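See below for the structure under consideration.
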Amino acid sequence: MAPPDQCIRRFIDVDGVSIHALHWPRPGAPPLLLLHATGFLADLWRRVVEGLRAHYDVAALDLRGHGRSDRPGGRYDFPTLAGDVAGALDALGWRDVYAVGHSTGGGLALIVAARRPELVRRVFGLEPIVPTPSRRPAGPTRKNRGSLADGARLRRAGFPSRAAAEARWRDRPPFATWDPEVFRDYVKHGLAEQDDGSVVLRCPPPVEARVFDSGAAFDAAPYLRDVRCPVMLAQGQHTDRVFDAMLTRAAPLLSDAERLTIPGASHLAPMEFPALVADEIRAFDATPAPGDPAEPIARPRAHA
């Protein structure tokens, strides 16, 4: 068994699709699963994990089409992606998992909690993608604003070198507000080097666009009504009002939900404030890990 601070890379076969996982093992500690947002990858959780690995047996997955996981043809809808997550947990032999998901990852965590309640004991959703179209008020559509999928299709997929990518991204949105270590992790792990020394995104823009399209078509309401475990719906203080409205509609559909605002953060809170996000993840967990104090962490929060 590897030392608890060591990260192990492994690949899990889920119905013929290879799902890449990072694992920070801590035998006897409660399992905690981290699920990333569309277009990103498991390696971006590394700085958050620094605040969690002493207390949990931590794993982070690359969704299909992302990171080092397979990019099969076929479906990239939310239920299919959630099926991969459940299959990976089955392969790990994990039950009663504390599931933490950012954006799309949060939506997937809630689907798994609804479909397979024995797998998930608690969900911390960082602006989870949980649209409820049937509850969305009628009104004019936003004009002159391309969709997230349109933006992804136009994204630059490669650069002459890793250094060129870093130079182009460093001072531009969304990277300008990221924690410097998280940004370095993205430059290091989010790009795959080619034989000629050039680099390409590990999540190709067409795959990213397909996942965004599936999110736009997804109706979370039937799943939210079936979630019985405690759920935290966290959002950034400076997030887009679309996310605030989405969580406002979603909260009443959950049987046990709290809301939390992360000061100073945008939609990308795990990249901007990884240590604070780790603290909030622990604070929401009412079950202390072996060796922890008898009482869970209690810290002041800014609630939405």
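The values are calculated or read from the model by the stated rules, or taken from the named source; none is laboratory data. Note that this is a predicted model, so its numbers are computed, not measured. All Cβ positions, glycine included, derive from the backbone under ideal geometry; neighbour counts span all protein chains shown. Remember, those area values only see protein heavy atoms, side chains included, never the ligands or the DNA or RNA. Shrake-Rupley method; radii C 1.70, N 1.55, O 1.52, S 1.80 Å.
Values computed for the structure shown
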read-out: Overall form of the chain per C-alpha gyration tensor (a/c, 1.5; a/b vs b/c); value: rounded
read-out: Inter-probe distance in nm under a simple model that places probes 7 Å from Cα toward Cβ, at residue 275 and residue 7; value: 1.8
read-out: Descending semi-axes in whole angstrom, ellipsoid equivalent of the range 167-257, from the Cα gyration tensor; value: 34, 18, 13
read-out: Mean separation of Cα contacts under 8 Å (6+ apart) over length of the chain, as relative contact order %; value: 19
read-out: 3J(HN,Hα) from dihedral phi, the range 200-206, Karplus parametrisation 6.51/-1.76/1.60, rounded to Hz, x for glycine, proline; value: 10, 4, 6, 10, x, x, x
read-out: Dipole axis of the range 146-235 (+1 Lys, Arg; -1 Asp, Glu on Cβ), positive-most option in 200, 229, 186; value: 229
read-out: D (Stokes-Einstein, µm²/s), Kirkwood Cα radius, the range 35-136, 0.692 mPa s at 37 °C; value: 235
read-out: Solvent-accessible area, 1.4 Å probe, carbon plus sulfur percent, for the chain; value: 51
read-out: FRET efficiency, 1/(1 + (r/R0)^6) with R0 41 Å, evaluated for residue 237 and residue 196 via beta carbons; value: 0.40
read-out: Residue-count net charge about residue 163 - beta-carbon cut-off 13 Å; Lys, Arg +1, Asp, Glu -1; value: +3
read-out: Chain lengthening between residue 116 and residue 80 when straightened (0.36 nm per residue, less Cα-Cα); value: 11.6 nm
read-out: Backbone HN-Hα couplings from phi across the range 14-28 [Karplus 6.51/-1.76/1.60, Hz, Gly and Pro as x]; value: 10, 6, x, 9, 7, 9, 7, 9, 9, 9, 10, x, 9, x, x
read-out: For the chain: accessible area per residue (Å², 1.4 Å); value: 44
